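To keep things clear, I will list the structure first and then write my remarks on it.
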Amino acid sequence: MLTIDSLSFAYRGRHSRKVLDRFSLTLEPGNICGLLGPNGAGKSTLFYLTAGLLTPASGSIDYNGFTPRRRDTAFMSDIFLVPEEIALPSMTLRKFVAVNSPFYPRWSAKAMNRYLDMFELTPDIHFDHLSMGQRKKAFMSFALACNTGLVLMDEPANGIDIPGKSAFRRAVVESMTDDRTIIISTHQVHDIDRIIDHVVVMDNERVRLNAPISEIASRLKFGFTTDNAQAQSALVSVPVPGGFNIIEPYGDCDTETEVDLETLFLLTRNNPELINRLFNK
């Protein structure tokens, strides 16, 4: 579905460095994917390149046979980018829908009304009268209702209140189909840890981890301990109130545990050789 091969990119500037350097990634359809990486790793840039808004210095991106930078009509109607900072025109949501929904062949007014209801919004709202969080909720309702095959969300839950984050997770899960992929880039891993079924951890040079949650849960044991010795012997440990979140190797009789994205991210950064042996083919 989405194949990125040896992608390199640098913003213009005398002292600019490459944001992405020979970066490669392949994703199959039908997943809610969490895209994790440190600040400056190129996550937002990767989204803009995938959406065709930037031109790679080298390498290629293929989405279902389309080259994004060509901005073919069929490509544009099957991808939607939700940026971290959303600028909306001075109009009602109803007017916005009337202007923009015809560009998306699988647009569903019924679905959008359902998502708006989750966010406690109505179609007659005016963007000028909304807070930043409410604007995000309205825009994401429209984005998901376009039913594009690929949805890119950059820090979508930033600025949204606690009930809104819960509604966001419900809306994303409800919008999923077997032929759709939603990629969510975020530093707030607890906003997405219960809904994703695939994880990508990246830096600007390579993908450190690209694996389904089910595979991660079958190969690493996540847990909590108050025992300092156990924390010291774990693959990685994170101090939390009352003890440590840890990751250990599986024993012969262990059952699968719930994946902790924050601890997994730290293990991926601290012990890339282990991650490479376990998951990268």
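General observations
- Residue-level analysis places T55 outside the set of residues that are surrounded by 15 or more Cβ atoms within 10 Å (Cβ to Cβ) and within 23 Å of the chain's Cα centre (by Cα).
- Members of segment 58-84 found to be within 17 Å of A10 (Cβ to Cβ) and more than 19 Å from the chain's Cα centre (by Cα), listed by number: S58, G59, S60, R69
- Just so you know, in segment 203-250 the residues that are out of contact with any strand residue (DSSP E or B) (no Cβ under 8 Å at 6 or more places or on another chain) and of a type in the set (A, V, I, L, M) include one that is surrounded by the most Cβ atoms within 10 Å (Cβ to Cβ), and it is A217.
- Residues being modelled with pLDDT under 95, touching a helix residue (DSSP H, G or I) at 6+ places or on another chain (Cβ under 9 Å) and not small (G, A, S) - total across segment 137-164: 5
- When the test is whether a residue is within 20 Å of C33 (Cβ to Cβ), in contact (Cβ under 8 Å) with a residue 24 or more places away in the chain, in contact with a strand residue (DSSP E or B) (Cβ under 8 Å, 6 or more places away or on another chain) and of a type in the set (D, E), D78 passes it.
- Count - residues of segment 51-66 that are part of a loop (DSSP other than H, G, I, E, B) and either more than 10 Å from T3 (Cα to Cα) or touching a helix residue (DSSP H, G or I) at 6+ places or on another chain (Cβ under 6 Å) (or both): 7
- Filtering A74, A98, A87, A41 for residues that are surrounded by fewer than 14 Cβ atoms within 10 Å (Cβ to Cβ), assigned by TED's automatic domain parsing to the domain that holds D179 and either at pLDDT below 95 or among the acidic types (D, E) (or both) leaves a single hit, A87.
The values are calculated or read from the model by the stated rules, or taken from the named source; none is laboratory data. Just so it is clear, the model here is predicted, and its values are computed rather than measured. Using ideal geometry, Cβ is built from the backbone for each residue, glycine included, and neighbour counts are taken over all protein chains shown.
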